[in-house]
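The values are calculated or read from the model by the stated rules, or taken from the named source; none is laboratory data. The structure displayed is predicted, hence computed values, not measured ones. Here Cβ is always computed from backbone atoms with ideal geometry, including for glycine, and neighbour counts include all displayed protein chains.
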Amino acid sequence: MAEITRIFDLLDHLVENFPKEDMLAGKVNGEWVKYSSHDYYKYAHYLAYGLCEMGLKKGDRVVTMSANCPEWNFIDMALAMSGLIHVPIYPTLSAENYEHILRHSEATAVFVSTKMLLGRLRPALDKLEEKPTVYTLANIEGEHRMLEILKAGIANRDKWMEEIETRKREIRPDDWVTMIYTSGTTGLPKGVMLSHRNLCSNFLAHAQVNPMDSSCRALSFLPLNHIYERSLNYHWQVKGVSIYYAESLGTIQQNMLEIKGDGFCAVPRVLEMVYDKLYAAGKDFRGVKKWIYDWAFSHGRRYDYTLLTKANIFYQLAQWFLDRAVYRQWREKFGGKRLTVITGGSSIQPKLVRLFAAAGINIYEGYGLSETSPVIAVNDPAHHMVKIGTVGPVLSGVEMRFGDDGEILTRGPHVMLGYYKDPQYTAQVIDREGWFHTGDIGELVGGHYLKITDRKKDIFKLSAGKYVAPQLIENLLRGSEYIDQVMVIGENEKQVAALISPNFNTLHYWALKHKLHYRDNVELITLPEVHEKMRKVLDEYNSSLAPHEQIKQFRLVTDEWTPNNGMLSPTLKLRRGPLAEKYKALIADIYGKEKPSASNLFSAFKSVELPTMPWVKKN
């Protein structure tokens, strides 16, 4: 197998080793449109010729704003082999952030998938003195289409073929290939510059952990503009796994059923929602059926990857019975296969990992950052290198150590080139010895497994001088079926408190059982019985916390915290600043302070007949 040191080396790798008919697939008008490995190779090259014909130069920055689709990959590879810098951005940012990214990156071209996304970007584009050329994947009146670039590439292939081949030969592994703007929780995003070596070294290393192979199909639904899903996208390609792009987050189960998928990449929040639906389903059962269903949950919460080989015969028989009675039914909702699910971005509750593993859905929890391309550590159930409650052993080729204050430091080929136009901040996070300072606090469990305990900047001090790590407490509290989201507060205060967004599905069921009457959720959270119930829930968790960490007071809120309303980052982390501002009246009330005054569209690629490329063997 040829060495993969630049991301576009994947194209030759696929054509030579995995000449399959459904390398990439997306839904168009309710039908799966599939692209072969050979199609992928050709579309990427013809787009590269077209980019040259349109006058784009090596080093130009090109922004993409698109839903997940096969065409995203064609653009990505075309940009990489042309020596252009790919700048993918979230479709949910503010106009201020869009303007900042377009100005800061000095983008010369923008690819946008739909009219709706173009509408979001338009206010920022209108403020620019020098406007980048916009190309759309969808057919939008008055706009240039990406199809124009493809057709220009086909028409001028003889003109630009040798130029692209020359550029490919000249591109080195350490050359800059992409810029990821970190979403962050405060301030304007920073441009993380990543090289081919950064990306390739990382996805080749974590691909070794995944048991999926070229007979498998993966479903992709997390945004490809984020380095986490993008790296998994490369990871699946190097293994020849077919990639199907979900229509939306709301169609994950349906799409998995349609393709009979073998796995996907998810954030913990998605898995929490699946867990909640499975748990809620059992509330309608009665008699023996309910008893068995509840047993499946209690059994699953005690599951460990190493338990079956050590457990007594009664536990093994229970696992066998429950798999046939309950767990197999769950898998059939997602296509029927035992699944490989990669998760990261934030901590996942151990009870979810245990239950899903018992049900034949293996969770590969990992950890990393955009600046580390991204994976630093990941659990590996397939090779028995897994410990629930940690993010697993450090990845092959990655160095890791702890600072004096417990901060995780890492060094190796995965560490970014730096922040664009910001050498000063780059020097703050990458020291003279090449160690990148992650800003996360952690520890090693059992000498092998990395455990993240908190975010360095989130740790706060109480007025008595005691330090509190809020993430650790929040992750613990979110283990309750009654808590959806929670933010722990108390900086410079006498005691710790919490703002809680309840799990209203569970709370409604509990209220019904206790015959409570209420008009809506606003009234529900004011009921004394609800507050007493939540107090008991918190007290259960307080018993495992140090006295200064215990939640002394709390307030319930009815709002759902999402990226769309700015309460969560695009990677579903708490945005503490906006949350504190939104609930400043509640926080003031908690601490007895004066309250503030009340002032699926895809381009028509399949309609274009591509000429053959004589130097590439047909499938």
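All of THR562, THR558 fail the test of being at pLDDT 90 or above and either under 18 Å from ASN475 (Cα atoms) or in the same structural domain as LEU527 (by TED's automatic domain parsing) (or both), apart from THR558.
Report whether or not GLY389 is of a type outside the set (Val, Ile, Thr), under 21 Å from the mean Cα position of the chain (by Cα) and assigned to a strand (DSSP E or B). Considered against the rule, which asks whether it is of a type outside the set (Val, Ile, Thr), under 21 Å from the mean Cα position of the chain (by Cα) and assigned to a strand (DSSP E or B), GLY389 comes out as no. Taking region 27-46 as the range and being surrounded by 22 or more Cβ atoms within 10 Å (Cβ to Cβ) and farther than 15 Å from LEU10 by Cβ as the test, only TYR46 passes. Check whether at least one residue in region 346-362 is at pLDDT below 95, hydroxyl-bearing (Ser, Thr, Tyr), surrounded by 16 or more Cβ atoms within 10 Å (Cβ to Cβ) and within 27 Å of ILE227 (Cα to Cα), and report yes or no. Taking every residue of region 346-362 in turn, at least one turns out to be at pLDDT below 95, hydroxyl-bearing (Ser, Thr, Tyr), surrounded by 16 or more Cβ atoms within 10 Å (Cβ to Cβ) and within 27 Å of ILE227 (Cα to Cα).
Selection within region 397-444: residues that are touching a helix residue (DSSP H, G or I) at 6+ places or on another chain (Cβ under 9 Å) and of a type in the set (Asp, Glu). The member of this set that is nearest to ALA207 (Cα to Cα) is ASP440. Of all residues in region 197-241, which are farther than 17 Å from VAL341 by Cβ, touching a strand residue (DSSP E or B) at 6+ places or on another chain (Cβ under 6 Å) and in a loop (DSSP other than H, G, I, E, B)? Within region 197-241, just ASN225 meets the criteria.
Within the option set LEU450, LEU444, being closer than 27 Å to PRO211 by Cα, surrounded by 13 or more Cβ atoms within 10 Å (Cβ to Cβ) and over 22 Å from the mean Cα position of the chain (by Cα) holds for one residue only, LEU444.
When restricted to residues that are more than 30 Å from TRP176 (Cβ to Cβ) and either modelled with pLDDT under 95 or not aliphatic (A, V, I, L, M) (or both), region 335-345 contains 5. What residue, among those in region 487-520 that are polar (S, T, N, Q) and farther than 17 Å from LEU586 by Cα, is surrounded by the most Cβ atoms within 10 Å (Cβ to Cβ)? Going through the qualifying residues, I end up with ASN503.
When each of ALA78, ALA95, ALA67 is tested for being within 25 Å of PRO123 (Cβ to Cβ), crowded, with 24+ Cβ neighbours inside 10 Å and out of contact with any strand residue (DSSP E or B) (no Cβ under 6 Å at 6 or more places or on another chain), the lone residue that passes is ALA67. Strands (runs of 3 or more DSSP E) fully within region 298-383 that include at least 2 residues being farther than 30 Å from SER220 by Cβ and over 21 Å from the mean Cα position of the chain (by Cα): none found.
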